[in-house]
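Q: Here it is, the structure, as structure tokens.
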Amino acid sequence: KLILVVNMPDKIQERQGKLPRRRKEVKRSLRRPDCPEHLSGGSAHWLPEHSGSEASASVEDTAESCPKRWDRCRRGHFLHGPYPATHFGPKACVLPNPTSVMHIQDPASQRLTWSKPPLNVLVIRKIRDETLLEPFKELCRFLVEEKHLMVYVEKKVVDDGSLMRDDSFSAICNQLCTFREGFDDISDRIDLIICLGGDGTLLYASSLFQGSVPPVMAFHLGSLGFLTPFKFESFRTEVDKVFEGNAAIILRSRLKVKVVKGMVQRNEQLLSTQENGILPHNHINNEAGKITLQLQVLNEVVVDRGPSSYLSNVDLYLDGRLITSVQGDGVIVSTPTGSTAYAAAAGASMIHPNVPAIMVTPICPHSLSFRPIVVPAGVELMITLSPDARNTAWVSFDGRKRQEIQHGDSIKITTSCFPVPSICCHDLVYDWFDSLAQCLHWNVRKKQTRLTDASDSSETEN
């Protein structure tokens, strides 16, 4: 029931499907070089061929109108870069391939709308926190009595002794639908998710939906709250706005992770048998390989040395090619959303969630030159134990489902096609920078005082 309203620039699809335009050797179409075609919404601006004064007049008219197009381009609010030019110089161009063209909506135009009014709402509450009991009751009363919605909650939330002892809430409690994680599948019933808690509550809500995720509205009632932009004091107004539609949303990409047991055969001479860094196929046993775990991860996949005192020694492959071996405490593979979590503590850069990328961050590497890297979102990463590793490794997914990785096991990671549509309080740019400032105190410093008079400036220069 979730629809993204797509506003694509005109003629982009036509341009991508056309073959390169053959030009005449003598007469060529005139084009103004300081008004590139890719800055005008993806439509090429070619001047018709004229002769004599007509051509001059056309060039002058174009010269006058070009600054207007420049102004229009500058005023356009796009988060993705402009549509790139596909012609380079007079004769070079990109080989057209319409079958591989991907249309991505600009994040600034992503708005939430409903094909049908939402009926089923999942409320996720942070457990073992008594301060959230009253907000939880207040929200459930509002959704059931005023909005007449079907509210789903976890069974362990309803079984809370403090909640059961409240006789005034018993009527509402009897109307709640309950489920148990790992036993009941509610992925096809929920229209909207409302989280009460901190970032961990949102991560948990994401883990409940291994396919398509309903829109998530997160209220800041936890300790950090980097991913929870809404204040609970105004929850009635904010929920009404979301039900009306046209709310800004940010699509937080997730990682599709597979743990395969026994796929890579252990061989002490594996490194010497590699050709150009590519893992030989005779070391991959597809029949023996068994997928033991497949998850959608919102923050990060962490591979570490576990309880061992030895360095972890794991090999990192990118699209089947060996990139490097990680010798240290481990490695973090994270989404842009996870770049402000464990990866930030390990020294990685913080990336806006709408940047399509995967981050690879070493944990305390025993190397002075091992810096965090960012790779394209479409690649597939594979992590295995090095053949000469002295110990096993351990892997966790958003801090959960921790397990041991043996020789021959592999972890395959790529970007999932099921993001988490997180509803914004203001917009996807302001919310992110506001979280950086309020939660992480990004670039907080005492302001430098200004010089009082000219004599101070001269003394400083001397």
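The values are calculated or read from the model by the stated rules, or taken from the named source; none is laboratory data. Quick caveat, the model's predicted, so the values are computed rather than measured. Cβ sites come from the backbone with ideal geometry, for glycine too, and all protein chains shown count toward neighbours. Ligands, DNA and RNA are stripped out before the accessible areas are found, and what is left, the full protein with its side chains, is counted by its heavy atoms. Shrake-Rupley method; radii C 1.70, N 1.55, O 1.52, S 1.80 Å.
Q: Restricting to the range 95-154, name every residue that is open to solvent by 60 Å² or more (accessible area, probe 1.4 Å), assigned to a loop (DSSP other than H, G, I, E, B) and on the phi < 0 side of the Ramachandran plot.
A: The first filter runs over the range 95-154 and keeps only residues open to solvent by 60 Å² or more (accessible area, probe 1.4 Å), leaving 95, 97-100, 102-104, 111, 115-117, 119, 126, 128, 130-131, 134, 138, 141, 145-148, 150.
Applying the additional criterion that residues be assigned to a loop (DSSP other than H, G, I, E, B) yields 95, 97, 102-104, 115-117, 119, 126, 128, 147-148.
The answer is 95, 97, 102, 103, 104, 115, 116, 117, 119, 126, 147.
Q: Kindly provide the set of residues from the range 370-409 that are under 15 Å from residue 330 (Cβ atoms) and without any contact (Cβ under 8 Å) to a residue 40 or more places away in the chain, ordered by number.
A: Answer for the range 370-409, where residues must be under 15 Å from residue 330 (Cβ atoms) and without any contact (Cβ under 8 Å) to a residue 40 or more places away in the chain: 372, 402.
Q: Among the residues of the range 308-321, which ones are surrounded by fewer than 17 Cβ atoms within 10 Å (Cβ to Cβ) and in contact (Cβ under 8 Å) with a residue 40 or more places away in the chain?
A: First, pick out the residues of the range 308-321 that are surrounded by fewer than 17 Cβ atoms within 10 Å (Cβ to Cβ): 308-310, 319-321.
Passing the criteria: 308, 310, 319, 320, 321.
Q: Just name the residue that is modelled with the lowest pLDDT out of those in the range 155-184 that are exposed (fewer than 11 other Cβ atoms within 10 Å of the Cβ) and within 30 Å of the chain's Cα centre (by Cα). Lay out the reasoning, then the answer.
A: From the range 155-184, those exposed (fewer than 11 other Cβ atoms within 10 Å of the Cβ) are 159, 161-162, 165, 167-168, 174, 180, 182-183; that's our starting set.
This time we only want the ones that are within 30 Å of the chain's Cα centre (by Cα), so: 180, 182-183.
On the way: 180: 92, 182: 84, 183: 88.
Selected residue: 182.
Q: Separate question: Every residue in the range 196-230 that is of a type in the set (Val, Ile, Thr) and part of a loop (DSSP other than H, G, I, E, B), please. Write out each step before concluding.
A: From the range 196-230, those of a type in the set (Val, Ile, Thr) are 201, 213, 216, 228; that's our starting set.
Answer for the range 196-230, where residues must be of a type in the set (Val, Ile, Thr) and part of a loop (DSSP other than H, G, I, E, B): 213, 228.
Q: Still on this structure, please answer the following. Which of the residues spanning the range 287-310 are among the aliphatic types (A, V, I, L, M) and either modelled with pLDDT under 95 or in a strand (DSSP E or B) (or both)? Outline the logic, then answer.
A: Narrowing the range 287-310 to residues among the aliphatic types (A, V, I, L, M): 288, 291, 293, 295, 297-298, 301-303.
Correct list: 288, 291, 293, 295, 297, 301, 302, 303.
Q: Taking the conditions exactly as written (touching a residue at least 12 places away in the same chain (Cβ under 8 Å) and part of a helix (DSSP H, G or I)), does residue 238 satisfy them or not?
A: yes
Q: Every residue in the range 322-369 that is touching a residue at least 40 places away in the same chain (Cβ under 8 Å), part of a loop (DSSP other than H, G, I, E, B) and surrounded by 17 or more Cβ atoms within 10 Å (Cβ to Cβ), please.
A: Selection gives 335, 336, 341, 352, 353, 354.
Q: Report, by residue number, each residue of the range 428-445 that is charged (D, E, K, R) and either exposed (fewer than 15 other Cβ atoms within 10 Å of the Cβ) or more than 26 Å from residue 192 (Cα to Cα) (or both).
A: Answer for the range 428-445, where residues must be charged (D, E, K, R) and either exposed (fewer than 15 other Cβ atoms within 10 Å of the Cβ) or more than 26 Å from residue 192 (Cα to Cα) (or both): 434, 445.
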